[in-house]
Structure formats: C-alpha cells, structure tokens
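S.K.: One structure, as structure tokens, below. Some questions next.
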Amino acid sequence: MTDEFTGLEYSWRQVGAANSAANNVLTKNIGNYMYERIFEVADVRWWGVAGDGTDESSKLNQMLSDIKYNKKVNEVAFYGLEKVIVESSLNISRGDLIIDGKNCELSARYEKDIVVFNILEPTFIRDEIQLDENEHEVTVKIYEYHNNINIKNFISGNNVQSQTFVKAKSSHYLRITDCRFEGMKLGFNLNDCYFTKLNSVYFQGTYQAFKFENATNAFNVTNLKILGEGIPSEIRDTTTGGNISGCSFEYSAGRLVLSDSFGINISGNYFEGYDEDLVDSYITLGLSGNDESVRGINISGNMFHTGAYQAIFLRKVAGISITGNNINSLHAVKIFADGTETTKSTQRNINYAGNAWRYIPSKENAIPAIESSEFITDFDYLLETANISPEWNVPIIFTPQVLHARFLEDGDHQLAASAVDSITTANYMTHTWQTNGKKSKAYLNGSIDLLSKNFTANESLVVDIEPYGFGSTLGTLMIQNKNNQFAQFLWQRNIDSTNTDKTGYFKEIVNELGVTLDHYDGYFTVTNGGVGQYLKAELKV
C-alpha cells in the first residue's frame with residue numbers, strides 16, 4: 001500500500017485471528033485475520049493530526065494510547081507539520097520511545113497554562129511474592145517505569161505565565177535535545193529522574209528554564225543557551241551529582257540556584273547579566289536552614305562577564321572549589337550568614353584559587369567601579385560577628401589574593417585592599433590584620449608576628465594580645481632563636497572564670513630556650529633566660 005502523506009509504500013502483516021479491538025491506525029481486521037502495519041517510524045498524521053490551528057490534544061493522546069502496548073513502535077514523528085496546538089497535556093505512559101518533532105512547533109494555546117508532555121508516574125502492575133535474604137516470603141509491589149524517552153527537534157513558545165514543556169517523575173534515562181523555546185513559564189520540571197540529558201536547547205524569554213527536584217541525580221546539562229528576564233533555574237533536593245557545562249546563561253533568567261545539592265560540576269559556562277541592580281548572583285549556593293545544605297561543588301573554568309552584583313553567593317556550604325574562573329562582575333564572591341545565638345551558620349572548606357577578577361561595568365545601569373571588590377562578607381546579625389570565617393567556619397582559603405582565615409573577634413576587623421595604580425580599581429588584598437586599631441603583620445596560615453628582637457640576659461618584654469581575641473580563638477605560641485631552638489606554648493582557656501572571654505594561660509609544651517611566660521588579661525610578659533639571644537615569636541589564631 002502507498003502512504004497517503006509520504007507516498008512511500010508499506011505493507012500489512014498477518015499476526016493472528018481477527019480481534020474486535022484491532023481496528024485502529026496500527027492494526028486492522030481483514031476477513032478472519034488481524035493484520036499489523038509494518039513501518040519504521042510512526043507518522044502522527046496517521047491519527048489525523050493536521051496542524052490546522054485547532055486543538056489536537058485528543059488525536060495525539062489517541063496516538064500515545066495506541067502505541068502504549070505496541071513495543072514495535074519505538075519512534076513517532078511530526079512529519080510535514082509546521083505548527084500543532086494542544087489545549088490539554090499529552091500523557092506519556094510508556095518508555096523506550098523517541099518523539100521527533102522534525103522542527104514542528106508544538107505549543108499550548110496562547111496563555112493556556114498546561115504541561116505539554118506529561119511523563120506519568122510509574123504504573124502499578126501487581127503484587128508479587130518474593131523471598132527476602134532470610135528466605136522469608138514478602139510482598140513486593142511491581143511498577144512499570146516509563147524510562148528511556150527521547151524528545152527532540154521541537155519548537156515551542158507561549159508567554160511567561162503559561163506552559164511547561166516537559167514534566168516527569170521517576171522517568172530515568174530521559175533525553176531532551178535540539179529544541180528551541182521562545183517564551184514559556186517553565187521548560188523542564190523533573191522529579192526523581194536519574195540520568196537525564198539536556199543538550200542543545202535554546203531558551204529565549206523563558207521565565208524559568210529548568211527545575212530539578214527530589215533526587216534528580218546524575219544529570220548532564222550541556223550546550224544550553226538561556227536568555228531573557230525571569231528567575232534562576234533550580235537544583236534542589238538533588239543528592240548525588242550532575243554536570244552543567246558548555247552553556248550560556250544570560251540576563252536574569254540565566255542564573256542557577258542550588259540547595260540541598262551535593263557533588264555537582266559547573267564548568268566551562270558563560271554568564272552575562274546586563275544589569276547589576278537586577279541580577280544579584282549568577283550562581284547561588286544554599287538558601288535556608290543552618291545545615292550545610294550544599295556540599296561538594298566544583299565551579300571552574302567559567303566566564304562570568306558583566307552585569308551582575310556578584311558572580312557567586314555562598315550560604316551554609318562546605319567543600320566548595322572555585323578555581324580558574326574569569327570574573328568581571330561587581331564582586332566575585334559573597335559569603336553570607338544569618339546564625340542565631342544557639343545555631344551558627346557555617347561555611348567550611350572553601351577553596352578560591354587561581355581566579356582572574358576585574359569589574360567591567362555593564363552597559364545598562366552599571367554600578368560605579370569604586371564600589372567593586374573581589375569578595376564581600378556579611379555578618380551574623382544577632383551575633384554581630386564577621387562570618388568570613390568564625391572558628392566553626394574553617395578552613396576558608398582565598399589564594400593568591402588574601403587569606404586562610406580564622407575567627408575575627410572584638411573590635412573593627414579589616415582586610416585592606418590596595419589599588420594597583422591611580423586609575424585601576426583595587427583588585428588585590430594586602431595581608432594586614434587590624435583589630436581595635438592595631439595593625440600587625442599576618443601570615444596566610446593564620447598566624448600573627450608578635451615580636452622579633454635581640455634579648456639580653458633575663459630581659460623581659462610585655463606583649464599585648466588583646467587585639468587578637470580570646471576564648472578559643474588563641475592557639476599555639478611559638479618562640480624561636482637563630483639556632484633553630486624553640487619553645488612552644490599552648491593556650492588554655494579558663495572556662496571556670498566568670499569572664500571566660502579573656503582569661504586563660506599559655507601551657508608550656510616544649511622549651512629549649514629557657515624563657516618564661518606570665519599571662520595577664522589582655523597581655524603576657526616573656527622573660528629571657530640567663531643568656532642573651534635573638535627571639536622571634538608567632539601566635540596562631
């Protein structure tokens with residue numbers, strides 16, 4: 001027989017006795033026998049889909065129903081159709097299926113807020129008796145999962161309040177490739193979908209590109225372009241990893257928010273915001289709660305271009321690597337905290353290294369370059385302490401720019417920035433520790449240079465340590481001479497005192513120098529032994 005749409009020949013094959021339920025597009029009765037249509041790809045036009053501007057939801061759902069149990073049909077295509085309109089969801093209830101749009105536009109009617117492709121939840125089949133590890137009979141519910149679905153080559157569009165293109169729950173090995181979206185509320189809403197692949201998809205004017213929820217694990221997002229006003233794409237309650245690479249994220253919809261997410265690689269992407277007053281952060285890690293809700297994130301080799309207040313926002317995170325990025329936003333990194341008296345917010349094990357930062361103002365509503373800085377920090381509002389690294393937030397390593405930070409306590413804390421020249425905005429940090437108005441030389445390993453002088457026999461020196469904090473923030477005191485002999489004292493906080501913030505003493509651990517130490521509130525006295533010698537002291541904080 002000759003196909004009325006393509007002109008190609010096809011045939012019918014006898015597969016059994018006539019069946020009253022067989023007369024449809026794919027099977028038919030001729031005399032006493034049932035015949036099955038032989039083809040490679042099903043054409044949606046066989047079901048009467050015409051692309052004439054009318055609602056064709058029922059025809060397409062009839063097609064999906066007819067192929068549900070016909071596993072010989074593994075691909076359907078929208079041949080020769082320019083635009084197809086639907087007013088209700090197309091419900092997919094089987095797996096191992098390719099749906100090829102052939103560059104057809106498939107959209108909900110304008111301002112009709114529906115899901116276009118709705119991949120249904122797993123279907124309950126039966127209860128089955130099985131043996132457990134102890135050879136006991138147990139009842140196991142058997143489900144049919146709708147896995148291995150590939151949706152490709154579609155064009156779709158609506159307004160930003162209407163239409164989600166694909167919604168799926170527990171559909172694994174889902175692939176959505178080579179599509180173009182020109183405005184809609186949400187591109188992809190995925191729940192508990194393993195091994196998802198999004199590739200070569202263009203979003204123009206879409207309010208939100210994608211939302212991954214509830215353990216949508218091991219996803220691979222590549223070669224996306226997201227452009228337009230809107231809200232960030234969300235990755236939340238996602239627990240075991242994913243990859244976002246080779247994508248272009250632009251304007252306010254071109255952002256990412258990660259919460260309760262672990263083990264994700266974000267690399268080789270391009271970000272541009274256009275307006276620093278509108279685009280807060282290109283990548284936001286952590287939203288609420290006092291747990292470290294985002295851990296094990298690698299952000300590397302990305303280009304953060306102009307037009308954002310900051311490139312990366314960190315809030316209650318751990319194990320974050322930010323390396324090898326080119327950052328041109330107002331601030332590179334913002335670290336935030338909102339702890340309470342009893343519940344401290346945390347930022348732990350953050351490595352910020354090898355990044356190139358310089359603020360390039362956007363063309364629209366640019367904030368003056370004088371307000372730029374490589375990173376900024378907030379403080380715990382109730383605790384009134386800087387949170388760049390309280391004692392529960394270590395280590396945080398910023399290299400080569402500034403510090404391996406520890407807790408800063410009591411007074412005004414400053415990590416000063418110095419301009420490269422009279423024209424360029426400051427873009428590197430001097431290693432200055434300023435507390436209560438006193439500046440001291442500080443090392444990147446978190447130690448303070450306390451003293452360096454030649455002592456005569458039995459000479460004493462008073463050393464002020466009040467600017468560097470008390471409590472548990474003081475650490476090891478190391479004193480060394482030119483012969484590499486040393487003395488080591490360990491700070492012991494006095495927890496029985498009514499003034500526990502300031503009292504304690506240095507406990508002698510090793511003493512090859514013959515020095516003695518007497519500690520008082522806010523200072524100590526070091527006394528040399530009976531032989532003159534050069535002494536240098538460093539205090540770990």
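S.K.: Taking 0.36 nm per residue of sequence separation and subtracting the Cα-Cα distance, how much length would be gained by fully extending the chain between residue 17 and residue 527, in nm to one decimal?
M.R.: Full extension from residue 17 to residue 527 adds 172.8 nm.
S.K.: Tell me, Kirkwood radius of the range 232-274 from alpha-carbon pair distances, in Å?
M.R.: 10.9 Å is the Kirkwood radius here.
S.K.: Label-point separation (nm) for residue 141 and residue 199, each offset 7 Å from Cα along Cα-to-Cβ?
M.R.: That separation, rounded to one decimal, is 3.5 nm.
S.K.: Another question, then. Relative to a virtual label point 7 Å from the Cα of residue 512 in the Cα→beta-carbon direction, which members of the range 525-541 show backbone nitrogen distances below 20 Å?
M.R.: Of the residues in the range 525-541, 527-540 have backbone N under 20 Å from the label point off residue 512.
S.K.: Net charge near residue 39: determine it from the other residues with C-beta under 11 Å of the C-beta of residue 39, scoring Lys and Arg +1 and Asp and Glu -1.
M.R.: -3
S.K.: At a probe size of 1.4 Å, how large is the accessible area of residue 52, to the nearest 10 Å²?
M.R.: Spelled out: residue 52, probe radius 1.4 Å, area about 90 Å².
S.K.: Once fully extended, how much extra length lies between residue 457 and residue 534, figured as 0.36 nm per residue of separation less the alpha-carbon to alpha-carbon distance?
M.R.: 26.6 nm
S.K.: So what does residue 25 come to for accessible area, using a 1.4 Å probe and Å² rounded to 10?
M.R.: 30
S.K.: Please compare each pair in 167/225; 141/211; 68/167; 185/334; 83/197 to a cut-off of 24 Å on the Cα-Cα distance and tell me which ones are over it.
M.R.: 141/211; 185/334; 83/197
S.K.: Right, here's the next one. Please give, to one decimal in nm, the separation of the simple spin-label points placed at residue 87 and residue 3, each 7 Å out from Cα toward the Cβ.
M.R.: Label at residue 87, label at residue 3, 3.0 nm between them.
S.K.: A further question follows. Sum up the charges of everything whose Cβ sits under 15 Å from the Cβ of residue 228, counting Lys and Arg as +1 and Asp and Glu as -1, but leave residue 228 out.
M.R.: Local charge sum for residue 228: -2.
S.K.: OK, next. Using the crude model of +1 on Lys and Arg Cβ and -1 on Asp and Glu Cβ, and no other charge, please compute the dipole size for the range 225-374 relative to its Cα centre, in debye to 20.
M.R.: Around 480 debye, computed over the range 225-374.
S.K.: Mind putting a number on the dipole of the range 126-271 about its Cα centre? Charges go on the C-beta only, +1 for Lys and Arg and -1 for Asp and Glu, and I need it in Debye to the nearest 20.
M.R.: Charge dipole of the range 126-271: 860 debye, to the nearest 20.
S.K.: Counting Lys +1, Arg +1, Asp -1, Glu -1, what net charge surrounds residue 320 among other residues with beta carbon under 12 Å of its beta carbon?
M.R.: My count for the surroundings of residue 320 gives +3.
S.K.: Another question, then. May I ask you to give the percent of accessible area on the range 157-225 that is carbon plus sulfur, with a probe radius of 1.4 Å?
M.R.: Carbon and sulfur together cover 43 percent of it.
S.K.: Is the range 155-310 rounded, prolate or oblate when judged by the Cα gyration tensor, a ≥ b ≥ c being the square roots of its eigenvalues, rounded requiring a/c under 1.5 and prolate requiring a/b larger than b/c?
M.R.: Rounded shape, in that the Cα axes give a/c under 1.5.
S.K.: So, one more: Which GluC sites (Glu not before Pro) in the range 1-38 sit in a loop by DSSP (not H, G, I, E or B) and have at most 15 other Cβ atoms within 10 Å of their own Cβ?
M.R.: Loop-located and lightly packed - 4.
The values are calculated or read from the model by the stated rules, or taken from the named source; none is laboratory data. Every value quoted in this text rests on a predicted model; they were computed, and no experiment measured them. All Cβ positions, even for glycine, are placed from backbone atoms using ideal geometry, and neighbour counts span all protein chains on display. Surface accessibility is based on the protein's heavy atoms, side chains included, excluding ligands, DNA and RNA. Shrake-Rupley method; radii C 1.70, N 1.55, O 1.52, S 1.80 Å.
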